[in-house]
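Derivation of every value follows stated rules applied to the coordinates shown; laboratory data play no part. Predicted model only: the values in this text are computed from it and were never measured. So basically every Cβ, Gly included, is an ideal-geometry build from the backbone, and we count neighbours across all protein chains shown.
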Amino acid sequence: MWGYIFSRSVERNANLMEDSYYVYDLTILEFDKRNILFQNEKIYLCEIILNNKKKFEVISKRDLCYILVIYTNSDYNLTKNLYDICCPLVNTLDRYVPWLHKSKTVAIYREIIAAIQVNSNWTATHIAAKVGLDLFFMEKNNFKDMDRQFMPDMLTPFHLAIQNVNHNVVQALAQHGASLDLCDVHGFNAFHYASISSPEILMFILSLPGMFERASIRTNKGCTPLHLACYAHKLENIHILLRFGLSVSMLTVTPPHELEHIASSNNINVKKKKQSNDFVDVVVKFNDKEIDEFELDFMFYGGTPLHWTKKHNEVERFIALGFDVDAINAKGETALLLKTRRMRFKCMITLLVEQANVDIPDSFGNSALHYAAMLGDISITQSLVVFDGNVDHINRYQVSVRHLASTAKRENETEDNNYKMVLYVITAIGAKRCPITMKGCNDGCSYQGTFDGKRYVHWPIFSNAKFYRNVQIEEMVRLKLNNLANEPLKNRKKLVNMLSFDGGGVKGLITIQMLHELEKRLKHKFIDYFDWVTGTSTGHV
């Protein structure tokens, strides 16, 4: 994806004929044994007989000491074609190759030839930028091709210099006005390449004017510079971008286009939250202390600061700034899923209170309840259930929450009790058993099983409470209710179904939640069963 090209490293004693582009040096005596077919300044096309076979070579001869074979092939036409390509390029670049130890000079020539091999349309400016020939860019006349692009890659010299971490060349090109906006065939501009280059180059690029606006530009695959820094695991570059200051939308590193199907392909309807009309895309800058408190391994998969933070008060701050609580990272994970996995209970509750979707699965189809069941954490399970988590959600491997709670490995008796209590919680609200075809089940989840978990030892037994003893369980009350139920109705045609709600603060809200659960078990909407609905105080909600 990045388009990095690495130079060759074949040893001299290898079979040179197997690598046509291998560069090696000759002595003057060896050169004199060649038959020269063509010459263009320092470049020669020669012929030689080796092992009774005719070979053709392209040779660069700087002087009597620096004679390099840069291409060898038994096909004359191929060799002649490369000779024609190399003549203008190598003759131009040769005088900018520093006079070093011969082995280092050979290494530079190998890079030059490797660059020609990558794209034979590149100019000398492209190759000098890629190889890092600083001397080339000390002459003003050598900048005329700095914005030229050629298929198939459409890379500019500026792209190549950034990509190959040639800092001096990057500075020289920028000072002469190299375009920051030209994109290669993948939609990468200079900022994109800087985000996956060295920290020094990224800081230099960020010092140029207009870089904040360019931070939101996406590649063909939907990646911003921050996306690329995250996915390339360039931790220091991520920190630089966070300190630079980016807007909420720029800091929302959701999956590139080809990964957007992750959340929607797991049997769940995920609706993106619409931004309100008064939403302000504020700029957020992070200091070193804040960055150090992020979970670094989560940053590599993008997401938002909601995914990265460990503190619930920071979760509240980021939500207030406008970060979407349901945004997913490159692995299809919401912040809620990550907090559940790491058992960050306060962060999880904060997200739930802010209406985070409890059922959005990750790329494996696991919901937050799946992870709660794997962990055997009763508090997390209860919280997710209270916020309407789907206890019957099936992941991509057709494994349910109940199956995980039943079959999870137990290390000790305490863990065993925890998993049994989790099973009890999800069973109490109707978690289905596994289908008869499911394998690997036990009595807690199998189709014909009977075990439904274990009560939490600290849960109150409401049947023993005074209210139930004196009122609901009172024999007289039961008899009266039975009589009323069996009493024949008079004037049936005049009867209407009326539902009345009592108020009393939070009681109305609890009633709504109860009705919501009842409606799930009805064939029609709850309201369709009544002619009139009345209520007092919060009951009228």
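Using Cβ contacts closer than 10 Å as the measure, can you line up 176, 370 from fewest to most?
176, 370
Taking the inverse of the average 1/r across all pairs of different Cα atoms in region 153-261, what Kirkwood radius in Å do you get?
Result for region 153-261, one decimal place: 13.8 Å.
Hey, fewest Cβ within 10 Å first, where do 377, 362 land in order?
By the 10 Å Cβ count, ascending, the order reads 377, 362.
Please list, in chain and number order, the residues 5+ apart from residue 284 or on another chain whose amide H is under 5 Å from its amide H, with Hs placed from the backbone.
Residues meeting the amide H criterion: 246, 247, 248.
Give the shape of region 270-407 as rounded, prolate or oblate, defined through the alpha-carbon gyration tensor: a ≥ b ≥ c are the square roots of its eigenvalues, a/c under 1.5 means rounded, and otherwise the shape is prolate if a/b is larger than b/c and oblate if not.
Judged from the Cα gyration tensor, region 270-407 comes out prolate (a/c at least 1.5, a/b above b/c).
Which of rounded, prolate or oblate describes region 380-425 when judged by the alpha-carbon gyration tensor and an a/c cut-off of 1.5?
Oblate is the answer for region 380-425, as a/c is 1.5 or above yet b/c matches or exceeds a/b.
For region 94-135 and region 287-328, write down the distance between their C-alpha centroids in whole Å.
Computed from Cα coordinates, the inter-centre distance equals 44 Å.
Please report the spacing between the Cα centers of region 164-183 and region 391-413 in Å, no decimals.
54
Evaluate 2.2 N^0.38 Å with N set to the residue count of region 338-443, then give the Cα radius of gyration divided by it.
In units of the globular-protein estimate, region 338-443 measures up at 1.00.
Please list, in order along region 383-392, the HN-Hα scalar couplings obtained from phi with the Karplus expression 6.51 cos²θ - 1.76 cosθ + 1.60 (θ = phi - 60°), rounded to whole Hz, x for Gly and Pro.
4, 5, 5, 4, 8, 6, x, 7, 6, 9
What full-extension length gain, to one decimal in nm, is calculated for residue 379 and residue 397 as 0.36 nm per residue of separation minus the Cα-Cα distance?
The residue 379-residue 397 span can extend by a further 3.9 nm.
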